[in-house]
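The values are calculated or read from the model by the stated rules, or taken from the named source; none is laboratory data. The structure displayed is predicted, hence computed values, not measured ones. In this analysis, Cβ positions are derived from the backbone assuming ideal geometry, glycine residues included, and neighbour counts consider all displayed protein chains.
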Amino acid sequence: MHRRTAFQILARSGYVARGIVFLLLAGLALFTGTATTKSALDSLLAQPLGQLWLGLIGLGLVGFVAWRLAQSMANADNHEQDFKGYTVRAMLFGSAVVYISLAYYSFDHAFGLAAARSSDGEKDLAGWAMAQPFGRYLAALMGLGFLIGGMVTIAKGVMGKYERYLEPQAKGNALIKIICVYGLCARGVLFAVAGVFFCYAAFTVDPQQTGSIADALTWLRQLPFGGILYVLAALGLFSFGGYNLIEGRYRIVRTPDLGEARKQVSSLNSPL
């Protein structure tokens, strides 16, 4: 087995941290009937050495942010220099922004600095967007991004595109395939539903209408056969956590070319 670089270890720890967050999220959804990513992190504080575990999760999420920035800014996955490639990288950059917030939340609570109340990150984001000039249009654009991201995630699972980034020994494994496809599809459906709620919040100019994962799960439960759909979705989140653990072990992680990243940033800053 080839030796891992420090950056590869950092990126892999990020996938593991993200996987643990979704495993906690799925557990809360199944056993308490409601869950958000922040409440999943809060649940660690009630455990022995909870602050330590939460701090370690925060460190892992910092690693995930670093990897997402490498994917988006330095094109570590070697996406084509076309519209599709730039769109994927823009979505990866958006993911980095989201997990910066979650990493900060982890550190904040681990060291007892946070306020007692925690709100859904989606509602915070919607409130910020709507406070900007042309805010409702910005919020609608974000919602559209969530919706497209959900559809892309579903396609990634159904079409097996995730396999191109796995090491050879993980490809063709039936159990890994089931976990990855189920997890990606469930995550994609909930992401898309949250995107629809986000667009509705922009239409009504009411950030409180924005949907989180918990809201998407609640919506599913109100449908015909909602109880079954809810359990399937919650198990899907558990599977998505497993998918991230698989990525933490088998993901192909290329150390970014920082020189190339600096060149791209410089080109953005250069006058036309």
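State whether the residues of region 71-79 include one that is without any contact (Cβ under 8 Å) to a residue 12 or more places away in the chain and among the charged types (D, E, K, R).
No, region 71-79 has no match at all.
Show the residue pairs meeting these rules: Cβ distance below 6 Å; 6+ apart or different chains; first residue within region 10-32 and within 24 Å of Ala216 (Cβ to Cβ); second residue at pLDDT 95 or above and among the charged types (D, E, K, R).
Within 6 Å, the pairs are Tyr15/Glu247.
Of everything in region 26-42 that's of a type in the set (Ser, Thr, Tyr) and not in a helix (DSSP H, G or I), which residue is surrounded by the fewest Cβ atoms within 10 Å (Cβ to Cβ)?
Thr34
Yes or no, residue by residue, for (1) more than 20 Å from the chain's Cα centre (by Cα); (2) buried (at least 16 other Cβ atoms within 10 Å of the Cβ); (3) at pLDDT below 70:
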position	(1), (2), (3)
Glu122	no, yes, yes
Tyr137	yes, no, no
Met142	no, yes, no
Ile148	no, no, no
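Which condition does Glu260 not pass, out of (1) over 18 Å from the mean Cα position of the chain (by Cα); (2) modelled with pLDDT of 60 or more; (3) surrounded by 12 or more Cβ atoms within 10 Å (Cβ to Cβ), if it passes all the others?
Going through (1) over 18 Å from the mean Cα position of the chain (by Cα); (2) modelled with pLDDT of 60 or more; (3) surrounded by 12 or more Cβ atoms within 10 Å (Cβ to Cβ) one by one, Glu260 breaks only (2).
Please specify each residue of region 173-217 satisfying the condition of being β-branched (Val, Ile, Thr), under 23 Å from Gly242 (Cα atoms) and at pLDDT below 85.
Correct list: Ile213 only.
For (1) crowded, with 17+ Cβ neighbours inside 10 Å; (2) among the hydrophobic types (A, V, I, L, M, F, W, C), each residue gets a yes or a no:
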| position | (1), (2) |
| --- | --- |
| Ala11 | yes, yes |
| Tyr15 | yes, no |
| Leu23 | yes, yes |
| Ala70 | yes, yes |
| Ala76 | yes, yes |
| Glu80 | no, no |
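Looking at region 43-85, which of its residues are of a type outside the set (S, T, N, Q), in a loop (DSSP other than H, G, I, E, B) and over 23 Å from Leu30 (Cβ atoms)?
Leu49, Ala74, Ala76, Asp77, His79, Glu80, Asp82
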